Amino acid sequence: MTGAPLIDWLPRSNAINLLAGVFLLSALYAVTQRRTAACITAYTWNSLSLAAIAMLVALLTGARHIGVAAALVLVSKGFLIPRLLRRALARSRSRAEAEPYVSIQLSALLCGALVVIAFSQTRVLFGEGVSILASCLPVSIATTLVGLFLMVSRKQALAMVVGLVILENAIFLAAVSLTYGMPLVVEMGVLLDLLVGTALLGMMVGRIEESFATDDATRLTSLRG
């Protein structure tokens, strides 16, 4: 790219890189927090940055289905799901801190290593792209690993749900990066499933608390015969 096309492309690329950075940093912020409320706030920022990336891609490519998907992401992931999670947290009778299996400091170091691995291996497997979404694929893979780590490193069931929805955001970003989004019907179905799934998981967390007076998922091992 030379001349005017390069000048036109760079601001768009920088904007998406900035939003991708917010997307990844919000997931890392969730890992470094003990309080579940802070993890939910991190997920909210993660979802808002995802919606902004999708909307910017829709404006740049003229793909209407991505624009509709961005609006759905904004409403469902940016507002509805965080509200469901906060409602479940408000009903919780247990401590608001999401106890990790490993220390917060070690979690941050491990997730930093996962990010480095994700970026290096993505470049090995897919090469270095030149599109405006070149930075989004390694970011999505890194965030997938961070979301998985959040799920397996916390004892509190609601914090595990936050890790799950962050992971789903990363998969959505990967789909946008690789194929500029899935068909609109598929995206709407996935978002609907996610809303229903989050509501059901919130109910499950409530049932765990009713049975064990805590939402510590490690207590479920007592159900084994």
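Working from Cα pairs under 8 Å separated by at least six residues, relative contact order for the stretch 30-117 is 40 percent. With neighbour counts taken as other beta-carbon atoms within 10 Å, the residues 149, 23 rank, fewest first, as 149, 23. Once the Cβ-Cβ distance between residue 178 and residue 116 is put in as r, and R0 is 25 Å, what FRET efficiency do you end up with, to the nearest 0.05? Taking R0 as 25 Å, the efficiency between residue 178 and residue 116 is 0.70.
Close amide H pairs (under 5 Å, H built 1.01 Å from N) link residue 156 with 99, 217, residues at least 5 positions away or on another chain. Using the Karplus relation 6.51 cos²θ - 1.76 cosθ + 1.60 with θ = phi - 60°, the per-residue 3J(HN,Hα) values for the stretch 30-40 come to 4, 5, 8, 10, 8, 7, 5, 4, 5, 5, 5 Hz, with x marking Gly and Pro. Sorting the segments 171-177, 117-123, 138-144 by their residues' average number of neighbouring beta-carbon atoms within 10 angstrom, most packed first, yields 138-144, 171-177, 117-123. Sorted fewest first by neighbouring Cβ atoms within 10 angstrom, 77, 155 come out as 155, 77. Ordering of 46-57, 25-36 by packing is 46-57, 25-36, highest average first (other Cβ atoms within 10 Å, averaged per residue). The HN-Hα couplings worked out from phi for the stretch 151-162 by the Karplus form 6.51 cos²θ - 1.76 cosθ + 1.60 (θ = phi - 60°) are 5, 8, 9, 10, 8, 7, 4, 5, 5, 5, 5, 4 Hz, whole numbers, x standing for Gly and Pro. For residue 35, the residues whose amide H sits under 5 Å from its own are 98, ignoring neighbours fewer than 5 places away on the same chain, with H placed 1.01 Å from N.
Laboratory data are not the source of any read-out in this text; all were calculated from the coordinates shown. Note that the structure is a prediction, hence the values are computed from the model and not measured. Counting neighbours? That spans all protein chains shown, and the Cβs are built from the backbone with ideal geometry, glycine included.
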